[in-house]
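Throughout, read-outs are computed from the coordinates displayed, never taken from laboratory work. Source: prediction; values computed, not measured. When we count neighbours, we look across all protein chains shown, and the Cβ atoms used for this are built from the backbone with ideal geometry, even at glycine.
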Amino acid sequence: MKWLEDAKKALKLALEELEKYRKDREVLRLRNACEKGWLAVVLATDTLLINFGYKKPESYSERRRALEDLEARYPKVSELGLRDRFGARGYYLHIQGFHEGMLSDIEVGRELTKVKEYIDNIEKILRIVSRSRQGHQSGETGG
């Protein structure tokens with residue numbers, strides 16, 4: 001779960017960059033906030049996929065395909081729309097925000113709120129899976 005903690009750190013740094021931008025209006029800070037937010041999404045996604053037995057993805061497309069497969073296998077996970085949300089954050093934060101510099105600080109703030117929700121959802125899934133695995137293991141040894 002180290003990557004999930006790193007995802008939270010990346011989000012924290014993104015929020016700090018956003019606040020610094022709001023004080024000094026240095027446009028590179030806003031782009032950095034976007035890229036750190038996107039990194040948080042990537043790290044959280046990798047954590048989720050690895051915990052479900054996937055190999056660590058090496059590209060955007062591998063992550064997207066693995067999320068699609070995960071959602072097909074687990075309807076409850078599918079209800080969260082992680083694949084679509086992953087794609088949306090990639091487009092807005094990485095492309096529109098970082099590469100194009102087209103997002104305002106208000107838009108970046110909204111996107112980072114969505115990143116937090118994404119991380120929170122993944123953390124909740126991982127807690128449920130962990131409890132389920134612990135219960136399954138104790139059931140095996142208790143009988």
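Please indicate, with yes or no, whether at least one residue in the stretch 73-80 is in contact (Cβ under 8 Å) with a residue 40 or more places away in the chain, in a loop (DSSP other than H, G, I, E, B) and either within 16 Å of residue 119 (Cβ to Cβ) or touching a Ser or Thr at 6+ places or on another chain (Cβ under 9 Å) (or both). Can you show your working first?
We begin by selecting, within the stretch 73-80, every residue in contact (Cβ under 8 Å) with a residue 40 or more places away in the chain; these are 77, 80.
Of the ones still in play, those that are also in a loop (DSSP other than H, G, I, E, B) are 80.
In the following step, the residues that additionally are either within 16 Å of residue 119 (Cβ to Cβ) or touching a Ser or Thr at 6+ places or on another chain (Cβ under 9 Å) (or both) were identified as 80.
Checked against the condition, which is being in contact (Cβ under 8 Å) with a residue 40 or more places away in the chain, in a loop (DSSP other than H, G, I, E, B) and either within 16 Å of residue 119 (Cβ to Cβ) or touching a Ser or Thr at 6+ places or on another chain (Cβ under 9 Å) (or both), the stretch 73-80 yields at least one hit.
Exactly one of these conditions fails for residue 102: (1) loosely packed, with under 15 Cβ neighbours inside 10 Å; (2) over 22 Å from residue 32 (Cα atoms). Give me its number.
(2)
Determine, yes or no, whether residue 88 is small (Gly, Ala, Ser), assigned to a helix (DSSP H, G or I) and surrounded by 12 or more Cβ atoms within 10 Å (Cβ to Cβ).
Answer is yes for this residue.
So if I check each of 13, 4, 48, 43, which one is free of Cβ contacts under 8 Å to residues at least 40 places away in the same chain, in contact with a helix residue (DSSP H, G or I) (Cβ under 9 Å, 6 or more places away or on another chain) and not β-branched (Val, Ile, Thr)?
Only one candidate passes the filter, namely 13.
Looking at 77, 41, which is the one that is crowded, with 17+ Cβ neighbours inside 10 Å, closer than 14 Å to residue 123 by Cα and more than 12 Å from the chain's Cα centre (by Cα)?
The conditions single out 77.
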